[in-house]
Amino acid sequence: MALCLLSTAATSSPPNPPQSPSYSSSIISGTMCPSPENSDVAATCHSTSYPTTTLSALVSSPQSPFNLTQPPFCSPSCTSSEILFYGSNLLETPDIYNDPTFYSFTHELDLPAPPSSLPSLPPSETYAFLHLPGILLKAEITYEGVLLPDSPSGLMKSHIVPLPALPTRSSKLSLAVTPPSPTLPSDQCPSPPADGVNCGQGGDHELADTTGVPQFLAGWDWAAAIPDRSSGLPLPPSILWTGPARLSSPLVSTVSISEPSDGVADAEMSAEILVTNNSPKDMKATVSLELAGLALKVEVELPPLATLPVTFDGFSIPSARLWYPWQLGEPHLHPATFTVSTASVPVSHSVQLNVGIRTVTTSVDSSAKGRVFEVNQRRVFLQGGNWITPDAIFAFSANPERYFDEVWLHREAGLNLIRVWGGGVSESDHFYEAADELGMLVLQEFWMSGDNNGRWGGDYDYPADKVGYLEAAEDVVLRLRAHASLLFWCGGNELWAEGGGSPPAQIQEGLRNIMAERDAGRFLIMSSMDGGLNGLDMDEHDEEFALAVKDGPYGFLFPSQYWAEVNPGMTNGSTVEVGFQPEVGASSFPRAEGFEKFIPGGGVPAEGASELPPHWDFHKYEGYNLNGSSTDAVYQYGAVDSVADYSANANLAATQQYQALFEGFTGKMWAPAEEGGKTAVVMWKTQSPWPALRGFLYDYWLEPTGTFEGVRGGTGGRRLVKSQLNLASLEVEIVNRGGVGVEAGEVVEVHWFGKGGEEVGDGQEVVFEDGIEAMSVGTGGGVEVPASEAVLFGRLRRGAEEDWLWLQQDEDYRELGEWRKGGGGGDDVKVKLVGEGAGEKGGWRAELIVKVGGDGILLAPYLQAWSGGAQMGAVVADFDLVLLNDGREVGVVVEARRRPDKLVIRSYAGPDVEIKL
């Protein structure tokens, strides 16, 4: 193959998605009929839309076999997910374990016409394919009455099935889908455990023996089992049309860059794409690449029905604008187009993508002893969240807006990394496109966990079909390798076996070979955690095999612990080095309105009670006791008489908790390992695939919670420099997460206030004599906290920016709960809209001026937005955690996906403030 350079022009292009012809038509409707083996004698056919799972289609059908409780907030227009996830409705549908064939159905697909923008192709040179991005679990395909030889299987592998004749709208295409195997779900595990029964995370663990099924679908400590294990066509099917040559799996790689200046560098590049000869004849084809003003061509000869890689080696892009994670610069993307032509078809197929030009290197930090990454020659401290997927029945798999909104909320919280957890999925192109655009980094794990792959349950030899597992892994690598946001790969979650063997040796070797051949420039590590059976054993830690010797803990701590302890809350944590922390976190709670969307009844747990109200346990409620003590962080804020009280207290407690978590971990950035040095902290977890009562920044309907506000307070949100108070030493710290240093002489003013807004004690100034380098922490002098039995609110002011916290000497905040019940503060809040316009990706952005007077501060304010009587999700306002009642005008920026017609400012204590637009 020969590489030819045809022309050069501009050196970079705007980061807009390229406009191109379409070669794909979505399959959006069909009929789902019971397969012959279906056990339900009353089963009938159901019209359905795609993508869908079997259970989702049955719930939404007018002939639904279920009699489920309808959520009152959305009736009659609830989605299948909202119905299934309401109360304990999931338990009212048959589990596949108890009725293995209930979910056996055949899908008769309504075939679409070719896309209107399909380039003109001679009929004799046109080929059509059924594209299934994934299936649960496998299917037999019949086309025009003929059984096709392909039997696609598994959610993780994309399937391209050739159709023997060009389809028309009247063509018959059906898929007889076999659901996943009927394994015991976690919801039916014996309690207490029966002798000889190892059942828990992932149910009886046997789902892990099957390639291509997300393990969490059998249930986890944060998720109920999905009764059909999301069987069916949960990812969007389509028909692909091409000429005799077809392209797939594009990759444009950055080999090296010169030293960057203002986000620009000279870049040495390479590229690769797979080319398939669809025809039964030998073929000569020309593959071209257009990128950043370059036009490159390669000639290739293809045997019949063969697929070969075509490479473009050794080309340069001078003065290229680079892709950065959002904290370090602009995530610039360059449109690129690959095209293949043959002697008879000028454009047989073309593929477009957005290319981020960046380099990544990795090593283990010599001081903190944790893995560290450099992007474009700049070290980056990772602050991240663990991700499962947006919906357990994949209701949003064809919804790019949902993926963008969720990734955007992570970035708005101040995070820069998302870990796609190994008990879940390989995320969609929509997810990665959003991450590319927003400058988020991604750790993508393969589909194993210590809970089900031998360490604590299941078998070290799972899965049975290792060849199929590796084929799926290679397919995922080929699909995702082009994304600049993909930082590195991991073999799975918490994998370890004495003497090795987890993952199984065949899979470890296979994954390494796949990376060497398909994604050689990207790092692969085998596990998130090793350290012996239960972690913490440094003799069983291999820094080239696992990120950490231990993860967790998973409960609330006293806030000062995050600074005082080497590895906060970790039993014997002072004896181990955990530089890269892949999981740490605790409870979360939705706002009261969100809670009522999935939990009926209105009861709340009594303080210290082991008995929970109906549905709380099913939705995986996790307590709020501090560091295993009898102190309940919810009841720290006083008596609870209602869901509104409980939600208010739980959200305020979460705000304080997660602010301390991220401040404490970040304050140890690059510190020596013996002092708890850190290179990364990843919260467990930041989103949930169903409405649960633990682990999320925002609820299922995308309303940010107190956890979101705490994480944003702890990271600084979109700010690159923030002040914080070390709660162990009472020293003031400045955290610089940006790419530019902070000059010497910075001053942080520290003042303390009571809830009435009165200043307590004298203000103090802390001067930072030395500058603070990029991506580092500076420590200034200590301060004194005034002696007081009351709750004190601390303000750290650096220039015009403020960071807030609250303290009470005995960790007793009941005063605030009584204040709230008595009417609280914020009784004189004036708001005006001073400007609005276009926000990110076609969204809405506005600026408010807020002025607080009256008898008390505005504590933990947050914003809700409404449109047409319905509450909107993915709405963020950059309030400080406290607004003083000093009459000062404070600017607040609001961002939403569309313009609302009403805004409501709410807070922990005080009346609502409504703004009509």
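General observations
- Along principal axes, Cα extents of region 345-467, largest first, whole Å: 53, 41, 34
- Ranking 726, 511, 634 by how far each Cα lies toward the positive end of the dipole of the chain (charges on Cβ) leaves 511 at the top.
- Residue separation of residue 261 and residue 784 scaled by 0.36 nm, minus their Cα-Cα distance, works out to 184.0 nm of gained length.
- Cβ-derived FRET efficiency at R0 56 Å, residue 505 paired with residue 808, nearest 0.05: 0.55
- For the chain, the longest principal axis of the C-alpha atoms and the axis of helix 505-518 are separated by about 80°.
- Whole-Hz ³J(HN,Hα) from phi, Karplus 6.51 cos²θ - 1.76 cosθ + 1.60, for region 367-377, glycine and proline x: 9, 7, 6, x, 5, 10, 10, 10, 10, 6, 6
- Amide H to amide H, with H built 1.01 Å from N, residue 136 comes under 5 Å of 232, counting only residues 5 or more places away or on other chains.
- For the chain, the fraction of C-alpha pairs farther apart than 49 angstrom is 21 percent.
- Hypothetical label at residue 912: residues of region 834-866 whose amide nitrogen lies under 15 Å (7 Å Cα-Cβ projection): 862-866
- Partner lysines for residue 297 [C-alpha distance under 29 Å; skip if fewer than 8 residues away on the same chain]: 281, 284
- Highest mean packing comes first when the peptides 217-224, 333-340 are listed by Cβ atoms within 10 Å, giving 217-224, 333-340.
- Extension reserve of the residue 26-residue 498 stretch, reckoned as 0.36 nm per residue once the Cα distance is removed: 165.1 nm
- Rg of the Cα atoms in region 538-648, relative to 2.2 N^0.38 Å, amounts to 1.32.
- Orientation-averaged projected area, Cα convex hull of region 691-815 (nm²): 9.5 nm²
- Cα centroid separation - region 362-395 against region 485-499, whole Å: 13 Å
- Size of electric dipole in the chain: Cβ of Lys, Arg +1 and of Asp, Glu -1, about Cα centre, debye, nearest 20: 2860 debye
- For region 904-917, the Karplus equation 6.51 cos²θ - 1.76 cosθ + 1.60, evaluated at θ = phi - 60°, returns couplings of 10, 8, 10, 8, 5, 9, x, x, 6, 10, 9, 10, 8, 9 Hz by residue, with Gly and Pro reported as x.
- Annotation: amide H-H contacts under 5 Å for residue 334 (H modelled 1.01 Å from N, sequence separation of 5 or more, or interchain): 355, 356, 357.
- The angle between the Cα long axis of helix 643-666 and the longest principal axis of the Cα atoms of the chain comes to about 80 degrees, rounded to the nearest 10.
- Structure note, pairs 597/902; 157/685; 138/597; 597/668; 550/668: Cα-Cα distances above 28 angstrom occur for 138/597; 597/668.
- Burial order of peptide ranges 873-882, 797-806, 832-841, 23-32 (average beta-carbon count within 10 Å, highest first): 873-882, 23-32, 797-806, 832-841
- Karplus-derived HN-Hα couplings along region 389-406 (A = 6.51, B = -1.76, C = 1.60, θ = phi - 60°), whole Hz, x at Gly and Pro: 5, x, 8, 5, 10, 6, 5, 10, 5, 10, 10, x, 5, 4, 4, 4, 4, 5
- Backbone amide hydrogens, once placed in the peptide plane, bring residue 523 within less than 5 Å of 489, excluding anything fewer than 5 places away on its chain.
- Spin-label pair residue 74-residue 520: with each label point 7 Å from Cα along the Cα-Cβ axis, the two points sit 4.9 nm from one another.
No lab work stands behind these numbers, since they all come straight from the coordinates. Computed from a predicted model, the values in this text were never measured in an experiment. Backbone-built Cβ (ideal geometry, glycine too); neighbour counts: all protein chains shown.
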